Amino acid sequence: MKILAIESSCDESAVAIFNSQTGIEQSLIHSQIDLHALYGGVVPDLASSEHLKKLPILIEAVASKTNLADIDIIAVTSGPGLPNCLAMGVSAASAIAMTFNKKLVGVNHLNGHAYSPFIDIHAQDPLNFKQNFARLLPHLGLTVSGGNTILFEINTDFSMRVIAETIDDAAGEALDKGAKLLGIQYPGAPIIEKLAQGATIDKTLFPYGQNRKIEDDPNFSFSGLKTSLRYYLEKLTPQQLQENLPNICASYQFAVVEQLRRRTDYFAKQKNYASIGISGGVSNNTYFADTFTNLAKKHSAKFLIADKKYRGDNAAMIAFAAFVRPEYLRESQLHTLPIEPAWEIV
């Protein structure tokens, strides 16, 4: 089976080809980070206009190496995401499906992230993937990005269940907003990580949900952390901020990751998971990845993380999710597809 996938949920335009017998054959991504950095964050209308410009170029590049007539399925992110951006991807995918008379599949963006740590498992042994996948179940996964923070499990019957999610800001959003308060340019999360390296962590400086009983309130919440940082900074002079910036970054980053760790650790104790994995753009954070490597080791579970090129928004994970979740193929349509901007992970 060959799947062509398109991803355009936010500010990355991406196209990929997945082959069930060999794995990811092509994966092209155009990032708009530099463009949106001028405005301090993603501008939806600007993002959608960039998709309109870049998606045809990426599709043409993929088509130069793969005959699109040989594609079996066209998969596209249909939600969640920015409506105008989703519409660009779905329109492009619909046009290809109509041109080549192929089935069209709408894929949940969050499912893409959730299954991305298994892309490498497939690549290692494509013909025995289903058996190897089954050995890693049940799986406890955490998807952390600028727009989502979701803890979920994939059970031995391959069903997925959401365990906890953020009730306000996502963890990546908390890092970027915290960076903005610190006077760090967008996107600020990678800069916070860089400044925090080797700095001193004050574990008492910012809240990480330690006063909330996880059994009564399992969901994540990061808005209070951001507020705590703002109040703390109001007490500092510009000179004090400059002198203590690395330590503040380290302490703030700790508070974000520690809330993720504590809640994941709590649920890992409730069940014998064969694997524990992280996905999404924030999984590029080395401190976060190291923390969860140790967490998986503590629970004698295999730690899974996607290859770096599949951690952010990309079309390869969309193609792979369409392959892993057979219900997507069963529900495929000819040529038309609705967008679902607020689609929850299922």
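The values are calculated or read from the model by the stated rules, or taken from the named source; none is laboratory data. These figures come from a predicted structure and were not determined experimentally. Don't worry about glycine lacking a Cβ; one is built from the backbone with ideal geometry, like all the others, and counts go over all protein chains shown. We work out accessible area using only protein heavy atoms, side chains counted, and drop any ligands, DNA or RNA first. Shrake-Rupley method; radii C 1.70, N 1.55, O 1.52, S 1.80 Å.
Is it the case that TYR287 is under 21 Å from GLN124 (Cβ atoms) and hydroxyl-bearing (Ser, Thr, Tyr)?
no
Return the residues of the range 258-274 that are under 15 Å from PHE303 (Cβ atoms) and part of a helix (DSSP H, G or I); say none if nothing qualifies.
Within the range 258-274, LEU260, ARG261, THR264, ASP265, ALA268 meet the criteria.
Scanning the range 267-293 for residues that are in contact with a strand residue (DSSP E or B) (Cβ under 9 Å, 6 or more places away or on another chain) and free of Cβ contacts under 8 Å to residues at least 40 places away in the same chain, which turns out farthest from VAL257 (Cα to Cα)?
Filtering the range 267-293 for residues that are in contact with a strand residue (DSSP E or B) (Cβ under 9 Å, 6 or more places away or on another chain) and free of Cβ contacts under 8 Å to residues at least 40 places away in the same chain, the one farthest from VAL257 (Cα to Cα) comes out as THR293.
Find the residue count for the range 170-227, including only residues that are of a type outside the set (A, V, I, L, M, F, W, C), under 25 Å from LEU38 (Cα atoms) and assigned to a loop (DSSP other than H, G, I, E, B).
Going through the range 170-227 one residue at a time, the tally reaches 5.
Determine the pairs where a residue that is within 20 Å of PHE133 (Cβ to Cβ), located within the range 146-168, has a partner that is among the charged types (D, E, K, R) and surrounded by fewer than 14 Cβ atoms within 10 Å (Cβ to Cβ) with Cβ atoms under 6 Å apart, the partner being 6 or more residues away or on another chain.
GLU153/ARG161
Quick one: would you say ASP45 is in contact with a strand residue (DSSP E or B) (Cβ under 9 Å, 6 or more places away or on another chain), surrounded by fewer than 15 Cβ atoms within 10 Å (Cβ to Cβ) and in contact (Cβ under 8 Å) with a residue 12 or more places away in the chain?
The answer is no for ASP45.
Output the number of the condition that ALA296 fails; it satisfies all remaining conditions of (1) among the small types (Gly, Ala, Ser); (2) surrounded by 21 or more Cβ atoms within 10 Å (Cβ to Cβ); (3) over 19 Å from ASP169 (Cβ atoms); (4) touching a residue at least 24 places away in the same chain (Cβ under 8 Å).
(4)
Scan the range 174-214 residue by residue and report those that are over 29 Å from PHE267 (Cα atoms) and among the hydrophobic types (A, V, I, L, M, F, W, C).
ALA179, LEU181, LEU182, ILE184, ILE191, LEU195, ALA199, listed by residue number.
If the requirement is being in a helix (DSSP H, G or I) and either surrounded by 13 or more Cβ atoms within 10 Å (Cβ to Cβ) or not β-branched (Val, Ile, Thr) (or both), which of these qualifies: PHE320, PHE303?
After ruling out the rest, the residue left standing is PHE320.
Kindly indicate which of GLU340, GLU327 is open to solvent by 40 Å² or more (accessible area, probe 1.4 Å), acidic (Asp, Glu) and part of a loop (DSSP other than H, G, I, E, B).
Working: GLU327 fails: part of a loop (DSSP other than H, G, I, E, B).
Among GLU340, GLU327, only GLU340 is open to solvent by 40 Å² or more (accessible area, probe 1.4 Å), acidic (Asp, Glu) and part of a loop (DSSP other than H, G, I, E, B).
Which of the residues spanning the range 52-108 are under 27 Å from GLY146 (Cα atoms), open to solvent by 40 Å² or more (accessible area, probe 1.4 Å), aliphatic (A, V, I, L, M) and in contact (Cβ under 8 Å) with a residue 40 or more places away in the chain?
Within the range 52-108, LEU82, MET88 qualify.
Could you check how many residues of the range 25-36 are over 18 Å from LYS53 (Cβ atoms) and either touching a helix residue (DSSP H, G or I) at 6+ places or on another chain (Cβ under 6 Å) or not in a strand (DSSP E or B) (or both)?
Looking only at the range 25-36, we keep the residues that are over 18 Å from LYS53 (Cβ atoms), and these are 25-27.
Going one step further and asking which of them are either touching a helix residue (DSSP H, G or I) at 6+ places or on another chain (Cβ under 6 Å) or not in a strand (DSSP E or B) (or both), we end up with 26-27.
Qualifying residue count, the range 25-36: 2.
Assess whether SER283 counts as being outside any loop (DSSP other than H, G, I, E, B) and surrounded by fewer than 23 Cβ atoms within 10 Å (Cβ to Cβ).
Taking the combined requirement at face value, the residue does not satisfy it.
What number goes with the only condition from (1) open to solvent by 10 Å² or more (accessible area, probe 1.4 Å); (2) in a strand (DSSP E or B) that GLY277 does not pass?
Every listed condition holds for GLY277 apart from (1).
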